[in-house]
1. If you go through region 86-100 one residue at a time, do you hit one that is more than 14 Å from ligand 1 (Cβ to nearest atom), farther than 30 Å from residue 276 by Cβ, free of Cβ contacts under 8 Å to residues at least 24 places away in the same chain and not in a helix (DSSP H, G or I)?
2. Would you confirm, using the coordinates I've provided, whether residue 324 is touching a strand residue (DSSP E or B) at 6+ places or on another chain (Cβ under 9 Å), part of a helix (DSSP H, G or I) and more than 15 Å from ligand 1 (Cβ to nearest atom)?
3. Identify, from the list 159, 186, the residue that is more than 16 Å from ligand 2 (Cβ to nearest atom), at pLDDT 95 or above and closer than 30 Å to residue 72 by Cβ.
4. (1) surrounded by 18 or more Cβ atoms within 10 Å (Cβ to Cβ); (2) touching a helix residue (DSSP H, G or I) at 6+ places or on another chain (Cβ under 9 Å): which one isn't true of residue 160, the others all being true?
5. Among the residues of region 101-132 satisfying the criterion of being part of a loop (DSSP other than H, G, I, E, B) and out of contact with any strand residue (DSSP E or B) (no Cβ under 8 Å at 6 or more places or on another chain), which is nearest to ligand 2 (Cβ to nearest atom)?
6. What's the total number of residues in region 342-351 that are more than 14 Å from the chain's Cα centre (by Cα) and within 15 Å of ligand 1 (Cβ to nearest atom)?
7. Looking for whichever is closer than 22 Å to residue 334 by Cα and either within 16 Å of ligand 2 (Cβ to nearest atom) or in a helix (DSSP H, G or I) (or both) here; the options are 67, 57, 78. Which one fits?
8. Could you look through region 2-14, keep only residues that are closer than 19 Å to residue 165 by Cβ and away from ligand 2 (no atom under 16 Å from the Cβ), and pick out the one that is surrounded by the fewest Cβ atoms within 10 Å (Cβ to Cβ)?
Ligand code: APR
Ligand code: PHB
């Protein structure tokens, strides 16, 4: 087999890249380890920046997004049992849209099917070779048969646990990593959201987030210890803790319903530099992980792919290598901005286990009040939250 761009991973990054390349007449092959059903049902975050929804729309992927996506013009901070609104759109001119990551994935897979795209699921033993030279090769086992795919370029879109990052020579890559002393317990519940806008809550017991998926599905999160087992969290305990952390003095109540999905996710910040070597380009979670408090993971993946697809387009249409050569530097500027914002949001809203005397909590409350009171501070949150493109 031969292709122009060999893509490892059919998450949002790999799928979107193959679709954008197809629109430019560039051939690609996507190799995914998991089944199609697994990829379609994996529950992840669901807040899209306007830059991401614009990109999806321009790529012809906006029909269902425009029908079912919930457009938000503000976000709520809750602390001291009161609510403070950050008017995102008033401050930045931009909106954000709630639309689950698996819906994005479903839409791209459907578009790839219509176009006869080569997306292979349940592929085993994917390996990458020759990326330092002119003729990289992907090897894999498809339907029990070993195959070799000659590529012009390889895109490593295989997530945090993928193999492409390690295909970069060890002496070339530098990893930056920070682990947090807490995790998120996330649930999906069949109940109408008790809020029109996302609520980020700071409480003595820890952070809580009320998000949503649709008019009758709510998505909620609780800060827990990373060593917690989900078995210790009955539905009653989860609702009780959410009621406690999200509670207000103005009569607001949290509607409860059957929980149909729950899990605990660790939080980390992670970046590999550079994001490219020779003919190998990393994108999305393969290159960087952010803690979810800033809602940046999927948006960063989409931003990488936009830059990469444009770089391949100018290479194939005009023979220019400039976009490809500048890929890592361009992406890393946005990645580090998002890392800083995600770290800032995380430290603003989570209770630190080491804060035994309450000094940090008081600093956090002061900072929260400042963000709620000062338009300048609120605008800093707003312009980063809706997606900031560094110069
Ligand atoms: N061979 C083939 N496929 C692989 C391999 C491998 N060795 N290793 C991993 N994969 C696949 C995974 O099964 C997964 O489907 O690569 C895909 C990577 O997808 P994601 O993890 O969703 O990463 P990405 O596409 O970069 O999307 C980033 O995911 O984690 C969230 O918050 C993050 O929303 C962001 C998004
Ligand atoms: C979600 O809806 O899953 C979600 C929203 C905002 C976040 C994180 C997750 O910051």
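1. yes
2. The answer is yes for residue 324.
3. 159
4. The single condition residue 160 does not satisfy is (1).
5. So, considering only residues that are part of a loop (DSSP other than H, G, I, E, B) and out of contact with any strand residue (DSSP E or B) (no Cβ under 8 Å at 6 or more places or on another chain), the one nearest to ligand 2 (Cβ to nearest atom) is 121.
6. Final tally of qualifying residues: 2.
7. Step by step, each of 67, 57, 78 is checked, and only 57 is closer than 22 Å to residue 334 by Cα and either within 16 Å of ligand 2 (Cβ to nearest atom) or in a helix (DSSP H, G or I) (or both).
8. Only one residue fits best here, namely 5.
The values are calculated or read from the model by the stated rules, or taken from the named source; none is laboratory data. Computed from a prediction, not measured in an experiment: that's the story for all the values here. So basically every Cβ, Gly included, is an ideal-geometry build from the backbone, and we count neighbours across all protein chains shown.
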